[in-house]
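S.K.: This structure is in C-alpha cells; I'll ask about it shortly.
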Amino acid sequence: MEKPRRAVVAKLDAGSVKEPSESIRGKVASSVGKQTLFLISSANFSETVQMLVKIITNEMVHEAIYLSTHDSFRFLANYFNDELVDINKIAFIDCVSKTMGIRVVNERIFLVDSVSDLDNIDSAVSNLMGLLKGKKNFFILDSIEGLAISNSEKESIDFIKQIITKMQAQKMTGIYFAIREERDSHMIKNLEKLFEQVIEI
C-alpha cells in the first residue's frame, strides 16, 4: 500500500493584516492546484482569514466557494467589504441563515439547514462548482473546528476527505482553515496527512 504523502509544513511571518508579507502571498500562490491546511493563530484568526481571501479574490483574481460553518453570508459580506474584498468572486455556503428564517437569496448563496447537514453541504459544493467562471478556482472551508462542533470527529474527517477528493478530481484548489493552537489535537493530527501543504500563520 502506498504511504500517504507527508505534508509540507511551513511557518510564516504573515506581516500585518492590512499589508500581508510577500512570503504569505507566495505561499497562497503556491497552494494553487493543491489541498492546503492553514493553521492560523486564534489571536487574529478572523483578520487573517480576511487577508487570505483578499489575496485570492483581489490580487490573484480567482473565484471561490466559501463554506462558512459559523457566520452568515450577510455578516461575511459586510466584514469582507470593510477591507474591499471582491465578494462578487465568492459563492457562499451558509449554514446559519436558515435558522434566522432566510430562505432564498441568489444562485451564488446556498443555504443549508445547519453545519451538521453534510449531505446538503456536499451537494451545495457540487452545484456551486458549476457556477464559477474561469480556471484555478478555490474552495475555502472556514473552519475545521466549526465543522467539528456539530459533527463527530469521524464525520468531520470523512467529510473533509470527501471534499478533498472532489477538489482533486476537478483540479480545484482547497484551502482549509483551522486554529493553530489546536495543532496537537487528535483530529488535526489525523487530518494533516491528507493535505499536500500545512502552513502555520
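The values are calculated or read from the model by the stated rules, or taken from the named source; none is laboratory data. Computed from a predicted model, the values in this text were never measured in an experiment. Don't worry about glycine lacking a Cβ; one is built from the backbone with ideal geometry, like all the others, and counts go over all protein chains shown. All accessible areas refer to the heavy atoms of the entire protein, side chains included, with ligands and DNA or RNA removed. Shrake-Rupley method; radii C 1.70, N 1.55, O 1.52, S 1.80 Å.
S.K.: From SER126, SER72, SER152, which residue is touching a Lys or Arg at 6+ places or on another chain (Cβ under 8 Å) and not acidic (Asp, Glu)? Let's see the steps before the verdict.
M.R.: On the way: SER72 fails: touching a Lys or Arg at 6+ places or on another chain (Cβ under 8 Å); SER152 fails: touching a Lys or Arg at 6+ places or on another chain (Cβ under 8 Å).
Exactly one of SER126, SER72, SER152 is touching a Lys or Arg at 6+ places or on another chain (Cβ under 8 Å) and not acidic (Asp, Glu), namely SER126.
S.K.: Being among the hydrophobic types (A, V, I, L, M, F, W, C) and surrounded by 23 or more Cβ atoms within 10 Å (Cβ to Cβ) is the requirement here; does PHE73 meet it?
M.R.: Judged against the criteria, PHE73 is a match.
S.K.: Part of a loop (DSSP other than H, G, I, E, B), in contact with a helix residue (DSSP H, G or I) (Cβ under 9 Å, 6 or more places away or on another chain) and touching a residue at least 12 places away in the same chain (Cβ under 8 Å): which single residue out of VAL105, VAL125 fits that description?
M.R.: Among VAL105, VAL125, only VAL105 is part of a loop (DSSP other than H, G, I, E, B), in contact with a helix residue (DSSP H, G or I) (Cβ under 9 Å, 6 or more places away or on another chain) and touching a residue at least 12 places away in the same chain (Cβ under 8 Å).
S.K.: Regarding ASP142, is this residue among the charged types (D, E, K, R) and in contact with a Ser or Thr (Cβ under 7 Å, 6 or more places away or on another chain)?
M.R.: Judged against the criteria, ASP142 is a match.
S.K.: In the list ASP158, ASP119, ASP184, ASP86, which residue meets the criterion of being under 14 Å from LEU67 (Cα atoms) and either open to solvent by 10 Å² or more (accessible area, probe 1.4 Å) or without any contact (Cβ under 8 Å) to a residue 24 or more places away in the chain (or both)?
M.R.: ASP119
S.K.: Report, by residue number, each residue of the range 187-201 that is under 20 Å from ILE24 (Cβ atoms), surrounded by 19 or more Cβ atoms within 10 Å (Cβ to Cβ) and out of contact with any Asp or Glu (no Cβ under 7 Å at 6 or more places or on another chain).
M.R.: Matches in the range 187-201: PHE195, ILE199, ILE201.
S.K.: Could we say that ASP94 is touching a helix residue (DSSP H, G or I) at 6+ places or on another chain (Cβ under 9 Å), more than 26 Å from LEU191 (Cα to Cα) and open to solvent by less than 50 Å² (accessible area, probe 1.4 Å) here?
M.R.: In short, no.
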